[in-house]
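Notes for the one structure printed next.
The values are calculated or read from the model by the stated rules, or taken from the named source; none is laboratory data. Since this is a predicted model, take the numbers as computed values, not measurements. Note: ideal-geometry Cβ built from the backbone for every residue, glycine included; neighbour counts use all protein chains shown.
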Amino acid sequence: MLSGSNTKIKVAALLIAFLTFLIFLPALQYDFVNWDDHVNVYENSAITSLDSNFLEYMFSFKDTMWIPMTRLSHALDYAAWGLDPMGHHLTNIVLHGFNTFLVVILIFCLIKTTRPANRSATSDNENTFLQNTLIAACLTGILFGIHPLRVESVVWVTERKDVLSGFFILLCLLSYLKFSLIALKKERWVYYAFSIFLFIMALMSKPIVVTLPVVLVILDIYPLERLTRKSGLKTYIKVLAEKIPFFALSLTLSMVTLLSYKSEGIIVTLRSHVNLIDKIFIALKSICFYLGKILWPVDLVPFYSYPS
């Protein structure tokens, strides 16, 4: 996906990632907050030693969430930094820097796949296409890296699950792209297996990642065009069958999480207070609300109440 002629995008991605790192660097001076940081870090005795008790905690559904990789990252931070908040903030900032780098690379690769296959590599338009692709990828990376909505995920130690799951998601998407585009049969299935592994790591960081298989299908439609109107039934079966492990993993974690919520009484509480129509209304309004915050990030607060 990235040849030697594309060194510029790698350098640009590194520069943008470093810029993002510098912008968030003041967060190293911040302390923990009393909003969930005490539960996950500074009053959490389970992360103070990497023993059998920690392993039990790591894979448990404590607090109704199954996030073993996130808990492991907190434990490793404690082993390295103790309860010095600087180290815990540093991990978040470094992960966000990596994610910004990966976003630039991913966008560049995705746009590059839209180039017509019959276009000559030596055509006059080639350099213009690559230059425009580079600019688009860099602008996307900058927007992602320094957008105000990223502050919560990066600066709040408890939101480690956001930056960590994002790291694995981006690597998974890049690995899947490689699998989809590479010609060598043996090598491409290595990337397929690796993308499944990375998806598992992402699931173990934050449950919301269960939606990723749908994204993979969308990518197959566009820009990869592995599924088109002209595709035969065999092609559809083959491409969709590749998603079976992804959907199976998502379904399994979703069911287990729902059972965990039910055991804690969360689902019963929601059911008794919110009817189906209201749930649909809340879902639609939430989508519009957060899209609006992306486009116009003002009046940001730590907690938004349910729409009345």
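Evaluated against (1) out of contact with any Cys (no Cβ under 9 Å at 6 or more places or on another chain); (2) within 25 Å of W66 (Cα to Cα), A202 falls short on exactly one condition, (1). Of all residues in the stretch 27-45, one or more are out of contact with any Lys or Arg (no Cβ under 8 Å at 6 or more places or on another chain), closer than 30 Å to I135 by Cα and either modelled with pLDDT under 95 or not charged (D, E, K, R) (or both).
Could you run through the stretch 205-251 and say how many residues are small (G, A, S) and more than 16 Å from the chain's Cα centre (by Cα)? It would help to see each step written out before you state the result.
From the stretch 205-251, those small (G, A, S) are 205, 231-232, 241, 248, 250; that's our starting set.
Subset that is more than 16 Å from the chain's Cα centre (by Cα): 231-232, 241, 248.
Number satisfying all stated conditions: 4.
Residues that are in contact (Cβ under 8 Å) with a residue 60 or more places away in the chain and not aliphatic (A, V, I, L, M) within the stretch 193-224 comprise S205, K206, P207, P223, listed in sequence order.
With respect to the conditions (1) in contact (Cβ under 8 Å) with a residue 24 or more places away in the chain; (2) within 27 Å of T133 (Cβ to Cβ); (3) among the β-branched types (V, I, T); (4) buried (at least 18 other Cβ atoms within 10 Å of the Cβ), V239 lacks only one, and its number is (1).
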